[in-house]
2 protein chains.
Amino acid sequence: MASDTVRDRILAAGQRITPQRDLVAGVLEQAGRPLSAAELYEAVGRSGRGVGRATVFRTLQSLEDAGIVQHVVLPGNQAAYLLCQVAGHHHHLVCRQCGAADDLAEDEVAPFLAALEGGHRFQVDHANFAVYGTCARCTGDRASTTS
Amino acid sequence: MASDTVRDRILAAGQRITPQRDLVAGVLEQAGRPLSAAELYEAVGRSGRGVGRATVFRTLQSLEDAGIVQHVVLPGNQAAYLLCQVAGHHHHLVCRQCGAADDLAEDEVAPFLAALEGGHRFQVDHANFAVYGTCARCTGDRASTTS
DNA sequence: GCCCGTAGTGATACTTAGTATCACTTAAGG
DNA sequence: CCTTAAGTGATACTAAGTATCACTACGGGC
């Protein structure tokens, strides 16, 4: 099940607590890494009563609207959904080894965007970053290098 | 039809010149903005002899492998394909007004990624940026502001 | 210039992610 | 409690992309 803080955030967004949302959020919380909609559907089916497929998508949508969940596009164009600590729009560092996703604060990104605006005479409106690599825990096992 | 430089780049990637590739590349070149697979399929159907749907996707795949095309995910999770001047992996500034996409050189991005690596003890491997906003030409007509 | 192997093509069928619909259920405010 | 609007599940659907397979044609070698 989802932690109380997640429930609070659902309520704060003006949405109802339902067993389905609780389950979906709970599975995401326990996973601690981005899950595809299919994985989620399956996981939710195993643990507890199960949730309709349509509801899984609706729930993800609601939670995303509420700023509790965000989705990233993994390499290979796979969408994956991910419980976020930080509310509001932000970005992620995704570890390809263990799948963990680290939140990226807006103020880490803002200076970069500002620089782009200057360099390109372009007014930035919205940005989506997906940064992949290897997290501190997984470094040491392997070393990868690409652009 | 595609310009000679595009043909050269197809050859350079060890791929054959076919009327279909020529058409697809040509349409993308003329559009000068990212097109969805569906738009492309339709446009190719109008201009000239037409190309099978499967072939449109395969062609985009080949051209992407060859570094001639890249795809971006537009807001709303719409994939769009885009002819790139710059070869190799790079990023784009996409104008939401006119759809134009500006190439973003790797060395504009590298320092930012390096900073992230330091700040998060994370070894960056691959990154995908989608930056949306308003280009210089379109600024003046409207002013937008969001994260 | 022609021949041949291999890369590429088109039609079609399929898969997978996500959306729409609609009758039914249930959370939660009074 | 009771009401009602939000949420749910089943199902059908769409849209993007992939697989298959017989057929075609590019282009290197002669």
- Query: Across the residues of B:103-116, average count of Cβ atoms on other protein chains within 10 Å?
  - Reply: 3
- FRET E, pair B:VAL86, A:ALA115, Förster distance 22 Å, beta-carbon r, rounded to 0.05: 0.75
- Using unit Cβ charges (K, R positive; D, E negative) and no other charged atoms, how large, in debye to the nearest 20, is the dipole of the stretch A:1-86 about its Cα centre? 200 debye
- Item | Charge dipole of the protein assembly as shown about the Cα centre (unit charges at C-beta), most positive-ward option of A:VAL131, B:ILE10, B:ASN128 | B:ILE10
- Go ahead and estimate [θ] at 222 nm for chain A from helices alone: -39,500 (n - 2.57) per DSSP H run with n ≥ 4, summed, over the residue count, rounded to 500. -12500 deg cm²/dmol
- The size of the Cβ-based charge dipole (Lys, Arg +1; Asp, Glu -1) of chain B about the Cα centre, to the nearest 20 debye, is 560 debye
- Item | Estimated distance in nm for a label pair at A:THR18 and A:ALA105, the labels positioned 7 Å out from Cα along Cα-to-Cβ | 3.7 nm
- Pop a pseudo-label 7 angstrom from the Cα along the beta-carbon direction at both B:SER36 and B:HIS126 and give the gap in nm to one decimal. 2.5 nm
- Item | Selected from B:VAL94, B:GLY48, B:GLY119, residue furthest toward positive end of dipole (chain B; charges at beta carbon) | B:GLY48
- Item | No Cys partner within the rule (Cβ under 4.7 Å), chain A | A:CYS84, A:CYS98, A:CYS138
- Along the Cα-to-Cβ line of B:GLU29, 7 Å from the Cα, sits a label point; which residues in the stretch B:54-88 have backbone N less than 15 Å from it? B:63, B:68-69, B:82-86
- Message: Quick test of the membrane-span-like rule: which DSSP H helices of chain A reach at least 20 Å along their long axis (C-alpha atoms) with mean Kyte hydropathy at least -0.5?
- Response: A:106-120
- Task: Under 13 Å from the Cβ of A:VAL131, count the other residues' Cβ atoms, weight Lys and Arg +1, Asp and Glu -1, and hand me the total.
- Result: -4
- Message: Given Cβ point charges of +1 (Lys, Arg) and -1 (Asp, Glu) and nothing else, what value in debye, to the nearest 20, does the dipole of the protein assembly as shown about its Cα centre take?
- Response: 1040 debye
- Average beta-carbon neighbours from other chains, 10 Å sphere, peptide B:92-98: 3
- Item | A:ARG137/B:ARG49 FRET efficiency (R0 45 Å; Cβ-Cβ; nearest 0.05) | 0.25
- Query: According to a simple spin-label model (label point 7 Å from Cα along Cα-to-Cβ), what is the distance in nm between A:GLN97 and B:ASP65?
  - Reply: 3.1 nm
- Task: Can you tell me the relative contact order of chain A? Whole percent, Cα pairs under 8 Å, sequence separation 6 or more.
- Result: 19 percent
- Is there a simple number for the mean count of other chain Cβ atoms within 10 Å of the Cβ of residues in B:130-139, and what is it? 5
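The numbers here are math on the coordinates, done by the rules we state, and not lab data. Nothing here was measured: the structure is a model prediction, and the numbers come from that model. Don't worry about glycine lacking a Cβ; one is built from the backbone with ideal geometry, like all the others, and counts go over all protein chains shown.
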